[in-house]
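**Q** Following this message is one structure expressed as structure tokens.
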Amino acid sequence: MAPEMGPKRRRPKASVARRAQDAQRVQRTIEDAINSGEIIAVGVLNLVKNTILTALVGVQDVGAALGVAGVAAVRGSIKAAAAIGGDLGAVAREAIRGTVTAAEEIGGELGGVARSAARGAVNATGEVGGDVGTAARRAVEGTVAAARDVGADVVELARSAAEGAVEAADHIGDTAGRAVRATLSGTVAGVRTLVRDVSAPGPRTRPERAPAHARPRGTRSTTRRGRAPESRGTLDAEAS
């Protein structure tokens, strides 16, 4: 007697195909909607936000399609602005602001949206010959503005946008990577240390040094010769 077989798992081919079709439809819808004339008439913020919300109606997996929609909207806006000689940085800022606010309205994961949208902004700016450093800064500014609009964590979203911008710049080339890191090395829209958090693999800790008034006179903590045995461990730990 043949052993009984358990129920076969159905492969979600239809679901995968449906998601792919949804993503393609969303991208086409956004590309058709965002053009130079619409940007001038409606404004980038409202155009991007409303276009994304409209394109996602009836989509099976909104979370997956949202990333596609955000990138397509940001890229389309920047390319449309480049065609008419518009301010690419300002367009990038408002496009990402519209993308994040749209994501918040439909319950999307804001960090991932900010990251992919900023990556798309830097990529699109590089493709049209624009200043990727400015695009990165404006992308973070737009993300910060959107976070404040919707009451989200400003610092976390800004860092997500910075990560996406740096990833895109590094993919473009070393020069672009350096330009973006230099641009984001200071304070952007009130958020500091974005590049340090993006570049470093993890937090670096250093041993605490005794305050100056607690050290014996005539000695320095950085002196390598004649240091006391008990200070050698601290200095060696710093060197390591």
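The values are calculated or read from the model by the stated rules, or taken from the named source; none is laboratory data. Owing to the predicted nature of the structure, the values given are computational and were not obtained by experimental measurement. Virtual Cβ from ideal backbone geometry, glycine too; neighbours counted across all protein chains shown. Note: areas computed on protein heavy atoms with side chains; ligands, DNA, RNA excluded. Shrake-Rupley method; radii C 1.70, N 1.55, O 1.52, S 1.80 Å.
**Q** Quick one: accessible area per residue over the stretch 20-177, 1.4 Å probe, rounded to a whole number of Å²?
**A** The answer is 40 Å² per residue.
**Q** Could you give me the ³J(HN,Hα) list for the stretch 174-185, computed from phi with Karplus coefficients 6.51, -1.76, 1.60 and θ = phi - 60°, whole Hz, x at Gly and Pro?
**A** Result, rounded to whole Hz: 4, 4, 5, x, 5, 4, 5, 5, 5, 5, 8, 6.
**Q** Quickly work out the D131-to-R25 label distance, labels modelled 7 Å from Cα along the C-beta direction, and quote it in nm with one decimal.
**A** 4.2 nm
**Q** Quick one: work out Rg over Rh on the C-alpha atoms of the stretch 52-96, Rh as Kirkwood radius.
**A** 1.08
**Q** Work from the charge dipole of the stretch 95-143 (Cβ charges, +1 for Lys and Arg, -1 for Asp and Glu, about the Cα centre) and give the residue of A124, T101, A114 farthest towards its positive end.
**A** Of the listed residues, the answer is A124.
**Q** Using the Karplus equation 6.51 cos²θ - 1.76 cosθ + 1.60 (θ = phi - 60°), what ³J(HN,Hα) coupling, rounded to whole Hz, does each residue of the stretch 90-101 give in order, writing x for Gly and Pro?
**A** My calculation for the stretch 90-101 gives 5, 5, 4, 4, 6, 5, 6, 4, x, 5, 5, 5 Hz in order.
**Q** Rank these residues by their accessible area, most exposed first, probe 1.4 Å: K49, K79.
**A** K79, K49
**Q** Let me ask you something else. Computing the accessible area with a 1.4 Å probe over protein heavy atoms, can you report the carbon and sulfur percentage for the stretch 41-168?
**A** C and S atoms contribute 47 percent here.
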